[in-house]
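Student: First, the structure itself, so that you have it in front of you.
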Amino acid sequence: MNNIFLSRIAFLILFVCISQLSEAKEYYFKHYRNEQGLSNNTVLCTAQDKNGFMWFGTTDGLNRFDGNRFKLYTHIEGDSTSITANYIWDIHPDSKGNVWMATSHELCVYKHDVDQFVRFSKMNNQGLAIYGGFNIVEDQSKNIWIASGNRIYKYNLESANAEEYSDFQYSIRTVCANPSGSVWAIGYDGEIAQYKPQTNAFEHFGDAGGITDGPAYVNCAITDDEYGVWLGSNVDGLFLLSLKDKSVQHIIPSIFVRDIKRISDTELWVAFESGLYTYNLKSKQTTNIRKSLSNTYENGRSHV
């Protein structure tokens, strides 16, 4: 891959590729919409694969961006090699170079070598099909974990064996993998469970400290070994659950958290309904990055 291609990809500043820019404390954004070739302006998920391609899952089609132009993938009725649906919930590039797609229909995987999609039911030894998958992650043992409804699924990339874990009372919103290899499942209702390899089961860890009271629910979560579980609420903002003493700390209040990314050793990015917050893990300082109508490459920010 040539340097021009890599530089174009790096220029698209998104959650998955901005760690170096974050240290400079100046943030520049180039916007891509329908006018630039995106199939739909409602983007639900993004990812960058091993080949440098950016992937954008929308409510109307899957878009692959090469730094210059978009290629659109849509479901084609009667074509089993097309993507299974046009509503894309989540995208996950795995360690083998394939790209997993959780759609509103059956889970499928994009194969770069043939530029086609394979249904999950054709990939695993059990013939298991997963419909309406919501979140996908890979752990250090090359297991792919999928959250779908009130179930968690595990698929091993080496053996092609699939397993189902159904001992959850409510819908699972997200599944996370720690850098150390531990796997966590977080439910809409605040249920938190940790996978135990010794028993091949999920152990209930606790609830999210009452942050799901009333109309609130957990919309997204990530976990790391250093701090614990970061929980994003649809109403009450960002929380941190300590794995040591189960205490809950309120970090950013009163926002709808859409996504959370730890982009460096010192910085967390929080996407919310109206923009972006950064949170410095060392200084505890929160920064709101706001749109500048007079600047094509928006920058500027205000501290809160």
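The values are calculated or read from the model by the stated rules, or taken from the named source; none is laboratory data. Keep in mind that this is a model prediction, so the values were computed, not measured. A quick note on method: Cβ atoms are made from the backbone with ideal geometry, for glycine too, and the neighbour counts reach across all protein chains shown.
Student: May I ask you to list the residues in region 183-204 that are among the hydroxyl-bearing types (Ser, Thr, Tyr), within 21 Å of Ile260 (Cβ to Cβ) and over 17 Å from the mean Cα position of the chain (by Cα)?
Tutor: Step one: list which residues in region 183-204 are among the hydroxyl-bearing types (Ser, Thr, Tyr), which gives 188, 195, 199.
With the extra rule that they be within 21 Å of Ile260 (Cβ to Cβ), the set shrinks to 188, 195.
Hit for region 183-204 is Tyr195, nothing else.
Student: Can you name the number of the only condition in (1) over 23 Å from the mean Cα position of the chain (by Cα); (2) modelled with pLDDT under 90; (3) part of a loop (DSSP other than H, G, I, E, B) that Ala216 fails?
Tutor: (1)
Student: Going by the structure shown, is Gly237 modelled with pLDDT under 90 and not aliphatic (A, V, I, L, M)?
Tutor: Working: modelled with pLDDT under 90: no; not aliphatic (A, V, I, L, M): yes.
In short, no.
Student: Let me ask something else. Please identify the pairs in which a residue from region 106-123 that is of a type in the set (Ser, Thr, Tyr) has its Cβ atom under 7 Å from the Cβ atom of a residue that is outside any loop (DSSP other than H, G, I, E, B) and crowded, with 16+ Cβ neighbours inside 10 Å, counting only partners at least 6 apart or on another chain.
Tutor: Tyr110/Val99; Tyr110/Met101; Tyr110/Phe117; Ser121/Glu106
Student: Same structure again: Scan region 165-172 and tell me whether some residue there is in contact with a Lys or Arg (Cβ under 6 Å, 6 or more places away or on another chain) and not hydroxyl-bearing (Ser, Thr, Tyr). Quick ask: steps written out before the conclusion?
Tutor: Step one: filter region 165-172 for residues in contact with a Lys or Arg (Cβ under 6 Å, 6 or more places away or on another chain), giving 166.
Subsequent filtering for residues that are not hydroxyl-bearing (Ser, Thr, Tyr) retains none.
There is no residue in region 165-172 that is in contact with a Lys or Arg (Cβ under 6 Å, 6 or more places away or on another chain) and not hydroxyl-bearing (Ser, Thr, Tyr).
Table: residues versus (1) touching a residue at least 60 places away in the same chain (Cβ under 8 Å); (2) out of contact with any Asp or Glu (no Cβ under 9 Å at 6 or more places or on another chain); (3) more than 26 Å from Trp100 (Cα to Cα); (4) part of a loop (DSSP other than H, G, I, E, B).
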{"residue": "Phe168", "(1), (2), (3), (4)": "no, no, no, yes"}
{"residue": "Gly181", "(1), (2), (3), (4)": "no, no, no, yes"}
{"residue": "Trp184", "(1), (2), (3), (4)": "no, yes, no, no"}
{"residue": "Glu203", "(1), (2), (3), (4)": "no, yes, yes, no"}
{"residue": "Val229", "(1), (2), (3), (4)": "no, yes, no, no"}
{"residue": "Asp236", "(1), (2), (3), (4)": "no, no, yes, yes"}
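Student: Looking at Glu273 and the list (1) modelled with pLDDT of 85 or more; (2) under 18 Å from the mean Cα position of the chain (by Cα), which single condition is not satisfied?
Tutor: That leaves (1) as the condition not met.
Student: Which one of the conditions (1) of a type in the set (A, V, I, L, M); (2) within 23 Å of Gln169 (Cα to Cα); (3) modelled with pLDDT under 85 does Leu293 fail to meet, given that it meets all the rest?
Tutor: The failed condition is (2).
Student: Same structure, new question: Can you spot a residue in region 14-35 that is of a type in the set (A, V, I, L, M) and modelled with pLDDT of 80 or more? Before you say what the answer is, go through the steps one by one.
Tutor: Within region 14-35, the subset of a type in the set (A, V, I, L, M) is 14, 16, 18, 21, 24.
In the following step, the residues that additionally are modelled with pLDDT of 80 or more were identified as none.
The answer is no, given that none of the residues of region 14-35 is of a type in the set (A, V, I, L, M) and modelled with pLDDT of 80 or more.
Student: A follow-up question, please. Test each condition in (1) over 19 Å from the mean Cα position of the chain (by Cα); (2) in a strand (DSSP E or B) for Glu35 and report the one that comes out false.
Tutor: Unmet condition: (2).
Student: Specify the residue that is surrounded by the most Cβ atoms within 10 Å (Cβ to Cβ); the eligible residues are those in region 251-265 that are of a type outside the set (Gly, Ala, Ser) and without any contact (Cβ under 8 Å) to a residue 24 or more places away in the chain. Steps first, please.
Tutor: Quick first cut of region 251-265, residues of a type outside the set (Gly, Ala, Ser) only: 251-253, 255-263, 265.
Imposing the further condition that a residue be without any contact (Cβ under 8 Å) to a residue 24 or more places away in the chain reduces the set to 253, 255, 265.
Values: Pro253: 11, Ile255: 21, Asp265: 9.
Only one residue tops the list, namely Ile255.
Student: Something else about it: Scan region 148-165 and tell me whether some residue there is in a strand (DSSP E or B), in contact with a helix residue (DSSP H, G or I) (Cβ under 7 Å, 6 or more places away or on another chain) and buried (at least 17 other Cβ atoms within 10 Å of the Cβ). Working first, answer last.
Tutor: Just the residues of region 148-165 that are in a strand (DSSP E or B), to begin with: 148, 151-156, 162-165.
In the following step, the residues that additionally are in contact with a helix residue (DSSP H, G or I) (Cβ under 7 Å, 6 or more places away or on another chain) were identified as none.
No, every residue in region 148-165 fails to be in a strand (DSSP E or B), in contact with a helix residue (DSSP H, G or I) (Cβ under 7 Å, 6 or more places away or on another chain) and buried (at least 17 other Cβ atoms within 10 Å of the Cβ).
Student: Kindly establish whether Tyr195 is buried (at least 16 other Cβ atoms within 10 Å of the Cβ) and either out of contact with any strand residue (DSSP E or B) (no Cβ under 8 Å at 6 or more places or on another chain) or hydroxyl-bearing (Ser, Thr, Tyr) (or both).
Tutor: Yes; evaluated as a whole, the condition is true for this residue.
Student: Would you mind listing the strands (runs of 3 or more DSSP E) fully within region 61-110 where at least 3 residues are within 21 Å of Leu157 (Cβ to Cβ) and in contact with a His (Cβ under 9 Å, 6 or more places away or on another chain)?
Tutor: Values: elements: 61-65, 70-73, 88-93, 99-103.
Strands (runs of 3 or more DSSP E) meeting the threshold: 99-103.
Student: So if I check each of Gly190, Gly132, Gly127, which one is at positive phi and exposed (fewer than 15 other Cβ atoms within 10 Å of the Cβ)?
Tutor: Details: Gly190 fails: exposed (fewer than 15 other Cβ atoms within 10 Å of the Cβ); Gly132 fails: exposed (fewer than 15 other Cβ atoms within 10 Å of the Cβ).
Unique residue meeting the criteria: Gly127.
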